[in-house]
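Chemist: This is the structure I have questions about; it appears just below.
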Amino acid sequence: MKLNFYNPFYSQKQKRYCPGVQPLLLDEESFRNITNDKKTKALCEAFQAGDASAKSQLPALCWTGICRDGETRSAKNMEPSHLYMCDVDHCENAREAWSSIRQTILDKWEKEGADFRIRLVHVTPSGKGLRIVAECVKDYTTLKEHMEWLNEELQLDNYGDFDSCVKDLSRLSFAVPEDYILFQSNLFGDVTNKPIV
């Protein structure tokens, strides 16, 4: 699977850090380099300590869409990656929340054969949020439908504020250090369902 990430740069015009527009290839090696980079950890810690600008200095990952070859990042230049992501904001203990959500997933698998195709779960840079990246399923055709379905199935809003905001395929997710990652499976493997999103 092809995915993109964007390095931040300081914009003189906007007087702040912004994600770049040129897509870079996000593969296993670049993902490992980003998550193992000491700067990633330091920026997350600075953000949690109150430095609001630290978050925007993190590399930005795009899970939901892939930039067309030779194009810059914008909604019109994206093709679906066939992944979607859900955020639970203001989650006081993301690690405990994931433990409970994981048990729900296992129970539903055992009783119903439910397959949520989750690829990645991590604590967000704030330390008080949970992000879930999953493979799209054939029964739904929009990112919003996928997000709402996962929330309904796993009751994500019981753990904090479920973020139902869906902008477009170019939505970015800020990188986190490796020890924020709670689950990862076949993150860069091909998807098995390819709905229109």
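The values are calculated or read from the model by the stated rules, or taken from the named source; none is laboratory data. All of these numbers come straight from a predicted model, not from anything done at the bench. Neighbour counts run over all protein chains shown; Cβ positions are idealised from the backbone, glycine included. Calculation scope for accessible area: heavy atoms of the full protein, side chains included, ligands and nucleic acids excluded. Shrake-Rupley method; radii C 1.70, N 1.55, O 1.52, S 1.80 Å.
Chemist: Report the accessible area of ASP87, computed with a 1.4 Å probe over the heavy atoms of all protein chains in place, in Å² rounded to the nearest 10.
Modeler: Accessible area, nearest 10 Å²: 10 Å².
Chemist: Continuing with the same structure: Under 5 Å between amide H atoms, partner at least 5 residues away or on a different chain: which partners does LEU83 have, H built in plane at 1.01 Å?
Modeler: For LEU83, whose amide H was placed from the backbone, the distant partners under 5 Å are CYS136.
Chemist: Here is a follow-up. Please work out how much accessible surface HIS90 shows to a 1.4 Å probe, ignoring ligands, DNA and RNA, in Å² rounded to 10.
Modeler: Only protein atoms counted, so the area is about 130 Å².
Chemist: Between rounded, prolate and oblate, where does the chain land on the alpha carbon gyration tensor, with a ≥ b ≥ c its root eigenvalues, rounded for a/c under 1.5, else prolate if a/b exceeds b/c?
Modeler: Here the chain falls in the oblate category.
Chemist: Probe radius 1.4 Å, ligands and nucleic acids left out: which of TRP109, TRP63, TRP98 has the largest accessible area, and how do the rest follow?
Modeler: Ranked list, largest accessible area first: TRP109, TRP98, TRP63.
Chemist: Please list LEU26, LEU182 from largest to smallest accessible area, probe radius 1.4 Å, with all protein chains kept in place.
Modeler: Putting LEU26, LEU182 in descending order of accessible area: LEU182, LEU26.
Chemist: Percent of accessible area on the range 85-171 owned by carbon and sulfur, 1.4 Å probe?
Modeler: 42 percent
Chemist: I would also like to ask the following. Quick check for you: with a 1.4 Å probe and neighbouring chains kept, what is the accessible area per residue of the chain, in Å²?
Modeler: Spelled out: the 1.4 Å probe surface of the chain, per residue, equals 52 Å².
Chemist: Taking 0.36 nm per residue of sequence separation and subtracting the Cα-Cα distance, how much length would be gained by fully extending the chain between SER99 and GLU29, in nm to one decimal?
Modeler: 22.5 nm
Chemist: Starting from the range 52-111, pick out the trypsin sites (Lys or Arg not before Pro) whose DSSP state is loop and whose Cβ has at most 14 other Cβ atoms within 10 Å.
Modeler: ARG68
Chemist: Under a 10 Å cutoff between Cα atoms, tell me which one of ALA175, ALA134, ALA114 has the largest fluctuation in the Gaussian network model of the chain.
Modeler: Taking springs between Cα atoms under 10 Å, the residue moving most is ALA114.
Chemist: Report the accessible area of ILE118, computed with a 1.4 Å probe over the heavy atoms of all protein chains in place, in Å² rounded to the nearest 10.
Modeler: That residue has around 20 Å² of solvent-accessible surface.
Chemist: Using alpha carbon centroids, what distance separates the range 57-124 and the range 144-158, in Å?
Modeler: 12 Å
Chemist: Right, something else. Quick check for me: using +1 on Lys/Arg Cβ and -1 on Asp/Glu Cβ, what's the dipole size of the range 1-53 about its Cα centre, in debye to the nearest 20?
Modeler: The dipole magnitude comes to about 260 debye.
Chemist: Of the cross-linked pairs LYS15/LYS55; LYS2/LYS128; LYS38/LYS128; LYS2/LYS111; LYS108/LYS138; LYS55/LYS76, which ones have a Cα-Cα span greater than 22 Å in the structure shown?
Modeler: LYS2/LYS128; LYS2/LYS111; LYS55/LYS76
Chemist: Still on this structure: What shape does the range 50-156 take by its C-alpha gyration tensor, where a ≥ b ≥ c are the square roots of the eigenvalues and a/c under 1.5 counts as rounded, a/b above b/c as prolate, and the rest as oblate?
Modeler: Numbers: a/c = 2.65, a/b = 1.19, b/c = 2.24.
Cα axes put the range 50-156 in the oblate bin.
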